[in-house]
Amino acid sequence: MNNILIVRTDRLGDVLLTTPVSTALRRMFPRARISWLVRPYTAPLLEHNPDVDQILADRDESPAQLADRIRNERFDAAIVAYPRWRIVLALWLARVPVRIGPANKPYAILLNKRVRQRRSKGKKHEADYNLELLSPLGIPFKRYPTRYVATDEERKTARRVLEAKGISGAKPVAILHPGSGGSSARWPLGHFMALGDGLQAAGCDLVVTGGPGEDYEGAMAAGMRRPPVFIPAGSVSVRELAAILSCADLVVTNSTGPLHLAVALGVPTVSIYSPLPTRHPARWGPYPAYVEGDELHRVLLAPLGGGGAKAGEDMGAVSAEEVLRLCLAKLAGKAPRG
C-alpha cells in the first residue's frame, strides 16, 4: 500500500479518536502517503502530525464532484471510519481499489472490504472500533494513543495570552470546559461553578473555555465568589484552544472534543460521563486511558435517574465536592509557588 485515505467527516473528538489509525498505518507502511478526508473545521487537528501527509477538506459537494477529487489522488485504499452514503458512493465512483468500512449499514454494499461491528451497542471503545478496520490490510490490532501536535510557538503564544490575563504560572492552572457541543449530557453549570470556587480557594488559577454556542461568562461571573479568566467561544481557533489547554495542570469537562484534545496533549483530566451505552466512557472515554486503567485521566460516571425503560442519566448526582476532592488529589504535586 502506497497511497491510503482515512475518512472521518464528523466532529473534533471523533477525529482525534481516529488518529491511532494513522499511527498504525505509518508503522505498517512507513513509506506510504497517508491522507485524511475531514470537515474543514476539524482539519487543523491534523496539522503537524507526522503520521499525516495530506489533509483534504470535505466541502459537502456532490458524490460525483467528490469522486473526481478522490480519483485524481489515485488512492490504493480508503478506510471509512464514519461512513455515509455520499462518501461511500464517491469512493465507489472513484473506483478506489480497496474500500474498507463497517459491514452493518446499507451503504456497505459499496464497500469491498467489510468489518462486522455493532458500534451502537457500545461494547468497545470508538478508537478500538476504528483500529479494527485495519484488519483487511493485514494489520493486527494494537492500541496507540491519540495524537495531536502543538508547536512550540503555539505554546509560547498561549502562555503570553494567559499572562496578559493575569495567569503567570506561579499557581496550578485548572481549566474548566462546561460544554459538550451537544453530543453528550452535561454536568450542571452550577456544579462547575461550585467546583471553580473550591479550586480557587485551594490556590489555583482558574480558566473557563467554551465552544460554539456555549457562553457561560455572564452566569459564572455573577454566581461565583471570584470570576475566573474566560476564553469565550469564538475568540480562539481550535489550535489556539489546544495550546491554551496545554498550559493547564488539570482540565475538567464533560465528554467532548476538548477533553480528547487535553488527553492527546498529555494534560491530566477529570471528566464526568453519562452511564447510557451510547454515551458511556467504555466507548467515548479518554483513550486509551479508560480501557487500560491509566490514572492520569479520571472518569466519574453519573448514575441512572428515574426508573423503568425511560431511565436517564442523573448528571447532577455527581457532586461538586466529590469532583473537587479528586481534582485536589491530582493537583497535590502542583502546590502554589512563591
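The values are calculated or read from the model by the stated rules, or taken from the named source; none is laboratory data. The structure presented is a predicted model; accordingly, all values stated were derived computationally and were not measured. Quick reminder, even Gly has a Cβ in these numbers, built from the backbone with ideal geometry, and neighbours come from all protein chains shown.
Key figures
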item: Among the residues listed as Lys105, Lys156, Lys142, Lys165, the single one being within 30 Å of Ala242 (Cβ to Cβ), surrounded by fewer than 18 Cβ atoms within 10 Å (Cβ to Cβ) and without any contact (Cβ under 8 Å) to a residue 40 or more places away in the chain; result: Lys156
item: Test: residue in segment 73-83 that is surrounded by fewer than 17 Cβ atoms within 10 Å (Cβ to Cβ), over 22 Å from Pro277 (Cβ atoms) and of a type in the set (Val, Ile, Thr); result: no
item: Test set (1) of a type in the set (A, V, I, L, M, F, W, C); (2) surrounded by fewer than 22 Cβ atoms within 10 Å (Cβ to Cβ); (3) under 25 Å from the mean Cα position of the chain (by Cα); (4) under 23 Å from Tyr273 (Cα atoms) - Phe230 fails condition number; result: (4)
item: Single residue of segment 105-164 satisfying the filter (part of a helix (DSSP H, G or I) and of a type in the set (Lys, Arg)) that is farthest from the chain's Cα centre (by Cα); result: Arg160
item: Single residue of Arg99, Arg84 found to be basic (Lys, Arg), in contact (Cβ under 8 Å) with a residue 24 or more places away in the chain and within 29 Å of Val149 (Cα to Cα); result: Arg84
item: Filtered residue count, segment 32-72, keeping only those that are within 19 Å of Tyr144 (Cα to Cα) and in a loop (DSSP other than H, G, I, E, B); result: 8
item: So Leu89, is it touching a Leu at 6+ places or on another chain (Cβ under 8 Å) and under 18 Å from Arg8 (Cα atoms); result: yes
item: Any hit, segment 273-287, residues being under 14 Å from Ala174 (Cα atoms), surrounded by 21 or more Cβ atoms within 10 Å (Cβ to Cβ) and touching a residue at least 12 places away in the same chain (Cβ under 8 Å); result: no
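So that you can scan it fast, the table gives a plain yes or no per residue for (1) closer than 27 Å to Val149 by Cβ; (2) of a type in the set (Gly, Ala, Ser); (3) at pLDDT below 95:
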residue	(1), (2), (3)
Val252	yes, no, no
Leu261	yes, no, no
Ala264	yes, yes, no
Pro281	yes, no, no
Gly285	yes, yes, no
Glu295	yes, no, yes
Leu300	no, no, no
Leu326	no, no, no
